[in-house]
């Protein structure tokens, strides 16, 4: 398996710390191919304002200011399919090595306009514990520290900041790790999703 070394690094981090970060989960060419798709090329036409909560989905920009578009695997473009297939390989690896019982992934495109943020939270709903792992892969080219937009993980020993550099993948326990997204000075794009222990839904 071509990406086994990345999967091994992620599995080790999850087992030891509850989170892991790897570079090059997507190559620079794969990132560019994704950015060239219509969905990321014209954000405001295809994305909708993200809400909070599982059922009510209230819009509250004081808590989160991102926009999203769910990805239907059956209708995904070939370049997105590359990413989804790699995630499925990763999930199979985790099931084998970490003895998990993951059934699949649910993924959406995410767009944070300049200045948007997401306040501190955990990803697993109180009323629904099927989200087991949070998985974020960034598709931002030439990201610099001064652009901001860090993902901040709140760990037992303090905050841990991760820049949203293209191709970088972050994976962490959905039930344990509180996190937030800091404001950026430019558009911040990612493929965001969750490994779940039931058959993924449709949107």
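Some observations on this one:
- Breaking point among (1) in contact with a strand residue (DSSP E or B) (Cβ under 9 Å, 6 or more places away or on another chain); (2) outside any loop (DSSP other than H, G, I, E, B), for residue 116: (2)
- For residue 100: the one exception among (1) under 23 Å from residue 178 (Cβ atoms); (2) in contact with a helix residue (DSSP H, G or I) (Cβ under 7 Å, 6 or more places away or on another chain); (3) buried (at least 19 other Cβ atoms within 10 Å of the Cβ): (3)
- Answer residue from segment 140-159, given it is assigned to a strand (DSSP E or B) and in contact (Cβ under 8 Å) with a residue 40 or more places away in the chain and is surrounded by the fewest Cβ atoms within 10 Å (Cβ to Cβ) among those: 155
- Screening segment 121-139 for residues that are in a strand (DSSP E or B) and modelled with pLDDT under 95 and picking the one that is farthest from the chain's Cα centre (by Cα) gives 128.
- Only one entry in 82, 22 is touching a helix residue (DSSP H, G or I) at 6+ places or on another chain (Cβ under 9 Å), closer than 21 Å to residue 174 by Cβ and either surrounded by fewer than 16 Cβ atoms within 10 Å (Cβ to Cβ) or at pLDDT 95 or above (or both), namely 22.
The values are calculated or read from the model by the stated rules, or taken from the named source; none is laboratory data. Here the structure is a predicted model, which is why all the values come from computation and not from measurement. Because the Cβ atoms are built from the backbone with ideal geometry, glycine has one as well, and the counts that use them run over all protein chains shown.
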